[in-house]
Amino acid sequence: MRYARDAQLLSQICATWPLRRKSLAPLEFPRFLLPRAGKHEETPMSAAFYRDYVVDLKARIDDLHTDPSAYQTYDLTMELLAQKNLISYAMSRKQGQVDSLFYRRDTASGQGTQMSQETAYRVFSGFFGLGQFLASTGRANGLGEEAFAETLTAGWEYPTCAVQFAYRKKGQPRGASMKMLFVGLNGDADAATFEAKLTQPDLLIGARPFSTKLLWEWK
């Protein structure tokens, strides 16, 4: 997954982030402790909501997770940043070869700890179950790697998840692919609060459907 250097490699950004948490246990459950939305004036949202898209995306990923044998080819990579911990989930089937890797990266030491597929997937299911989502345009706007990540997470308060997914089911003439970077929020009001305090709101997608060479919805 590439999102950070010039907004192209999210994992590369995370490799420089300090790790403050000492215990991994809280991230092994599908639960995210987000800040509560404070009071805010009713102002029009300029960023596009993505909850419906993420619900559909989760359904497709659930199907692959449940029955990978139904797919001729697939390539799924997800990277979740929550509370300065990076969880990676990757599985692929190409030319009959199946590969997978599920791990948590210790951003202090740079070392990775392998996780079981089920444990890793519960973490992503927790993220996908949040109340609302906004999405990044992928443009860094001149920000450095850490500054871009800190800005998009509103000072590390909100989880982000990069997803790249391409697949073709058996018997289907063509496949589908997407590549997006989401910010997870409690709901619509929380999304409005998040956007209002974002120092560079133009980092967020304002109109759907969205498609660039770097990031795109289903095609």
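The values are calculated or read from the model by the stated rules, or taken from the named source; none is laboratory data. Every value quoted in this text rests on a predicted model; they were computed, and no experiment measured them. Glycine gets a Cβ as well: all are built from the backbone with ideal geometry, and neighbour counts include every protein chain shown. Remember, those area values only see protein heavy atoms, side chains included, never the ligands or the DNA or RNA. Shrake-Rupley method; radii C 1.70, N 1.55, O 1.52, S 1.80 Å.
Below is a table of values for the structure above.
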{"quantity": "Residue that is nearest to A120 (Cα to Cα) [pool: residues in segment 50-98 that are under 16 Å from the mean Cα position of the chain (by Cα) and open to solvent by 70 Å² or more (accessible area, probe 1.4 Å)]", "calculated": "Q83"}
{"quantity": "For D190: the one exception among (1) surrounded by fewer than 20 Cβ atoms within 10 Å (Cβ to Cβ); (2) more than 26 Å from K213 (Cα to Cα)", "calculated": "(1)"}
{"quantity": "Any hit, segment 106-123, residues being closer than 24 Å to R51 by Cβ, among the hydroxyl-bearing types (S, T, Y), touching a Ser or Thr at 6+ places or on another chain (Cβ under 8 Å) and surrounded by 17 or more Cβ atoms within 10 Å (Cβ to Cβ)", "calculated": "no"}
{"quantity": "Filter pass, L101 being under 19 Å from E195 (Cβ atoms) and either of a type in the set (A, V, I, L, M, F, W, C) or in a strand (DSSP E or B) (or both)", "calculated": "no"}
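Here is a yes/no grid of residues against (1) aromatic (F, W, Y); (2) assigned to a helix (DSSP H, G or I); (3) open to solvent by 40 Å² or more (accessible area, probe 1.4 Å):
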| site | (1), (2), (3) |
| --- | --- |
| A140 | no, no, no |
| A149 | no, yes, no |
| R168 | no, no, yes |
| Q172 | no, no, yes |
| L181 | no, no, no |
| D202 | no, yes, yes |
| R208 | no, no, yes |
